[in-house]
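Encoded as structure tokens, the structure appears first; notes follow it.
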Amino acid sequence: MSSSSSESSSSSSSQSSSSSQSSEPPQAGLDVRPSNSSCLAGESPQPVTGVALERAYPNLSFSEPVAMEYPPGDNSVWYLAEQSGRIYRFANNESVTSRELFADLRGRVNDSANEAGFLSFAFHPNYAGNGEVYAFYQASEPGGGCCDSVLSRFTRDAGTGLLDEDSEEILIRYTAPYTSKNHFGGRLGFGADGYLYLSIGDGGSAGDPDNRAQNTANLWGSMIRIDVDGASPYAIPADNPYADQAGFLCNTDEQMLQKQGAGGNCPELYAWGLRNPWRWSFDRATGDLWLADVGQGSWEEVNIISRGGNYGWRIREGAHCYNPSSGCQTAGLIDPVAEVPQPDFQSITGGYRYRGSAIASLSGRYVFGDYVTRPLYALTRSGGSWRSEVLIEDTGQNIASFAEDEDGELYILSFGGGIYRLVEGGETGEQINAPETLLSATGCVNPTNPRQAVSGLIPYQVQAPFWSDGAYKRRWLALPNGRRMSVASGQDWQVPAGSVLMKHFYLGGELIETRLLKHHTDGQWAGYTYAWNDTGTDAELVEGGLVSERQGQNWIYPSGAECMQCHTEAAGWSLGLETAQLNGEFTYPSTGRSANQVFTLKDIGALTGSTNASALAYPQDSSAGLDERARAYLHTNCAQCHRPGGGTNVNMDLRWQTDLGDTRLCNVPPQNGTMGIDGAMRLLPGNSDHSVLVLRMALRDHAEQMPPVGSNQVDTEGEALLREWIDQLPGCN
């Protein structure tokens, strides 16, 4: 979260027009658009694994889909739930063009917390006969606000065939334990035993501070199993670990408190020691229950859940000690089947063990992905253990959930709205379309002098630069000949496929890194980083990330996954290419003329569409308004993730044009810990010492630091700016 103090801006210093106020007509900074025939992004590099994604129902799109199921024995129709509370149904036909609203539960669903909302539903095994549908969602607490978690039973209306929204019978209801509202779980599903299973998170806050996942007198951090065909509100299966206590259920907060006070255990529990088990599935061939658990700060894990199993959280994260950080007691804890490290994974989404027939190379492998970093992986049995392999390095989709059809074929729900099918994609083998290992071979720089961009690139600068550990940056844009950028919603620019953005990083006057952000012709965006050698004659591709000492500090060369953690679909991928960032003056080296960049790009035919006159302030320009500087800072350094659909677990919108009262920042309790400060808020007007927004900026080598990746140096000027702004704020309007 910061704005570079070493990268000056010659453009406008306020969020108003930066165009010349003179009566003279504006002049473009370039005479013609340069021809670019060498710096182009072809198809994205991918390991050839026999797997690809295709849009399953290209004529349909949804708003934040989270679950998709079909009724038992009827695969002619899909039912899909959106996080807001709507369930649609549509024909299982790739040419389908319409969907029908099956249920609208938005009036009872509270999705104001980022991980809250309508999360899952399940058809009763005898749905055809009894019409029962089970739902798990978050609702407002009795006093208002978010969130109670609710497990309910609904029935189908016999006349309309739609869900009878008035038929709801609440089976379990409990309240989120912390002011930070997250880690709800949670998927519903019936097992072959006819019982209903539900995964429940540890209740939120960082590190499970009350150790709820190890407390068998509550439902937090567990997998529960109940018999919905038994006594009201439900019965306990006879072989549940604590079935002997079935006379006293844990279906409310009060019941759980009484259990704990009596030294009892919840009879609903099937397994425990879980952190945030968002998605799980049964292997249709073996009956094994596979579950992916979202990690705290270092490891994401995959487990096979067994009755009575303790999976270790918060004693362990994955197979590693967490509390205490070393020497933890592991007796009785079940190891994960596999674990994947952060930051390559940030929010694991569990899938299925593939039992279809369309993709031979996937047979018997467990497929999973990640919501934030967007890869697709599979586990393969090797000897006595499982090993993970990349299927698709970057799917380009925020993978919210998986679905399995009657034939065992797999689907991905993208939080952006699309449904994708896994299909066969070629023979296994080495990576195709591999990126060039030397910058001099990319076609974006002069091969005899790689420090110099080729003539086909268009230089540009942004109004409010992103903090990059004190580095100065130079930027270029490469468009395919005949293609233009376009303006979406008056701000973000759509960059045509085949384009490349290039950025040089200088530290202490030394060129140390060059990054290429490519919009590949198959639609995927990907980042590539090149580290310059000590002689400055060329730069070599860094794969998997690297930390190296440069100019007396530990410089981070990000992995491709880390690049795309910030370059999100919600933020328009390119980040810097938006009206507010480029609507300022820039001196073009080839002509020596200073001109407005937006006007210049439109004049030479590189940009089309309507642009408004907004321009971000330069955060360190003391002549600009304090509010405009601070909001520009937050927009550049935070809003790529903290915006609708940005992929974080914190529901904030820090874009500069969002009214402060609508950002969900001001006077809102922090969701991921208070840093030990009583009365802490995300932002407390008039008190920066109690505002975790700025306090987390000052952290490094810490799980709560901001930004979470890519920075080893605190931006002291940026921190001072935000403190000054917060301390003078009278309120949230």
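Here are a few things to note about the model shown:
Quick grid of which residues meet (1) among the hydroxyl-bearing types (S, T, Y); (2) part of a loop (DSSP other than H, G, I, E, B):
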position: T49; (1), (2): yes, yes
position: N59; (1), (2): no, yes
position: E94; (1), (2): no, yes
position: T97; (1), (2): yes, yes
position: A103; (1), (2): no, no
position: R108; (1), (2): no, yes
position: D111; (1), (2): no, yes
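- Candidates T529, T521 - the one that is in a strand (DSSP E or B), farther than 22 Å from A639 by Cα and polar (S, T, N, Q): T529
- Within segment 232-252, the residues that satisfy the criterion of being of a type outside the set (F, W, Y) and over 15 Å from G194 (Cα atoms) are S232, P233, P241, A243, D244, Q245, A246, G247, L249, C250, N251, T252.
- When segment 620-659 is filtered for residues that are among the β-branched types (V, I, T), modelled with pLDDT of 90 or more and within 15 Å of M706 (Cα to Cα), only T636 remains.
- Of all residues in segment 175-202, those satisfying the criterion of being hydroxyl-bearing (S, T, Y) and over 26 Å from G676 (Cα atoms) are Y195, Y197, S199.
- Any chance E69 is among the acidic types (D, E) and over 28 Å from F184 (Cα atoms): no
- Screening the candidates R655, R700, R696 for the property of being assigned to a loop (DSSP other than H, G, I, E, B), basic (K, R) and under 27 Å from I348 (Cβ atoms) yields one hit, R700.
- If you go through segment 50-78 and pick out every residue that is hydroxyl-bearing (S, T, Y) and crowded, with 22+ Cβ neighbours inside 10 Å, you end up with 1.
- Residue match in segment 450-472 (condition: within 30 Å of N583 (Cβ to Cβ), buried (at least 17 other Cβ atoms within 10 Å of the Cβ), at pLDDT 95 or above and among the basic types (K, R)): no
- Restricting G318, G297, G332 to those that are more than 23 Å from the chain's Cα centre (by Cα) and of a type in the set (G, A, S) reduces the list to G332.
- Test result for S84, part of a strand (DSSP E or B) and either at pLDDT 95 or above or in the same structural domain as N672 (by TED's automatic domain parsing) (or both): no
Every residue, every condition in (1) in contact with an Asp or Glu (Cβ under 9 Å, 6 or more places away or on another chain); (2) over 12 Å from L422 (Cβ atoms); (3) at pLDDT below 95, yes or no:
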{"position": "A331", "(1), (2), (3)": "no, yes, no"}
{"position": "I334", "(1), (2), (3)": "no, yes, no"}
{"position": "P341", "(1), (2), (3)": "yes, yes, yes"}
{"position": "F345", "(1), (2), (3)": "yes, yes, yes"}
{"position": "G351", "(1), (2), (3)": "yes, no, no"}
{"position": "S363", "(1), (2), (3)": "no, yes, yes"}
{"position": "G369", "(1), (2), (3)": "no, no, no"}
{"position": "T373", "(1), (2), (3)": "yes, yes, yes"}
{"position": "E389", "(1), (2), (3)": "no, yes, yes"}
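- Test for R387: is it of a type in the set (D, E, K, R), out of contact with any Leu (no Cβ under 6 Å at 6 or more places or on another chain), part of a loop (DSSP other than H, G, I, E, B) and farther than 15 Å from G295 by Cβ: no
- Within segment 361-384, restricting attention to residues that are out of contact with any Leu (no Cβ under 9 Å at 6 or more places or on another chain) and not small (G, A, S), the residue that is surrounded by the fewest Cβ atoms within 10 Å (Cβ to Cβ) is R381.
- Count of segment 435-449 residues which are surrounded by fewer than 18 Cβ atoms within 10 Å (Cβ to Cβ) and either closer than 19 Å to Y506 by Cβ or assigned by TED's automatic domain parsing to the domain that holds L582 (or both): 2
- Summed over segment 621-649, the residues that are surrounded by 18 or more Cβ atoms within 10 Å (Cβ to Cβ), out of contact with any Ser or Thr (no Cβ under 7 Å at 6 or more places or on another chain) and farther than 16 Å from E64 by Cβ give a count of 8.
- Filtered residue count, segment 243-299, keeping only those that are assigned to a loop (DSSP other than H, G, I, E, B) and not aliphatic (A, V, I, L, M): 25
- Number of the exception - L511 against (1) more than 25 Å from G718 (Cα to Cα); (2) touching a Gly at 6+ places or on another chain (Cβ under 8 Å); (3) in a strand (DSSP E or B): (1)
The values are calculated or read from the model by the stated rules, or taken from the named source; none is laboratory data. Quantities reported herein were computed from a predicted structural model and do not represent experimental measurements. All Cβ positions, glycine included, derive from the backbone under ideal geometry; neighbour counts span all protein chains shown.
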